[in-house]
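Report on the structure given below.
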Amino acid sequence: MTLPIETLCPHCQRPMSRWTNPEATSWSGAFQFVCFNDECPYFVRGWEWMKSHYHIAASYRHRIEPETGETGPLPVWSREALKDNILPEEAAPHA
């Protein structure tokens, strides 16, 4: 069952992208919605938070799992990390 999902990021109000789930993960379905806005406050402040709490150069992006409605961080190590799994809108599978 697919839940109705608001696909605007709650942190920056920009549209979220469909992103292919990697193989061998515990996430359900074929994709998630992820905010890939590099100016999103959640992503921007994540760099300092991760450095101050874990002493690593990393951040996170907001994600929503459409099949469950679960939300949370998607860890990234650079601005370009994981962008290669963004699904073009015409190729995106339906939830």
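Each residue in the stretch 49-70 was checked for being in a loop (DSSP other than H, G, I, E, B) and either closer than 18 Å to Q32 by Cβ or in contact with a Gly (Cβ under 9 Å, 6 or more places away or on another chain) (or both), and 7 pass. The lone criterion from (1) in contact with a helix residue (DSSP H, G or I) (Cβ under 9 Å, 6 or more places away or on another chain); (2) part of a loop (DSSP other than H, G, I, E, B); (3) surrounded by 11 or more Cβ atoms within 10 Å (Cβ to Cβ) left unmet by P73 is number (2).
Quick one: in the stretch 16-66, of everything that is of a type in the set (F, W, Y) and crowded, with 19+ Cβ neighbours inside 10 Å, which residue is farthest from E80 (Cα to Cα)? Here the residue is F31. Residues considered: E67, E39. Of these, the only one that is at pLDDT below 90 and acidic (D, E) is E67.
The values are calculated or read from the model by the stated rules, or taken from the named source; none is laboratory data. Predicted, not measured: the structure shown is a model, and the values here were computed from it. Ideal geometry is used to build each Cβ from the backbone, glycine not excepted, and the neighbour counts take in all protein chains shown.
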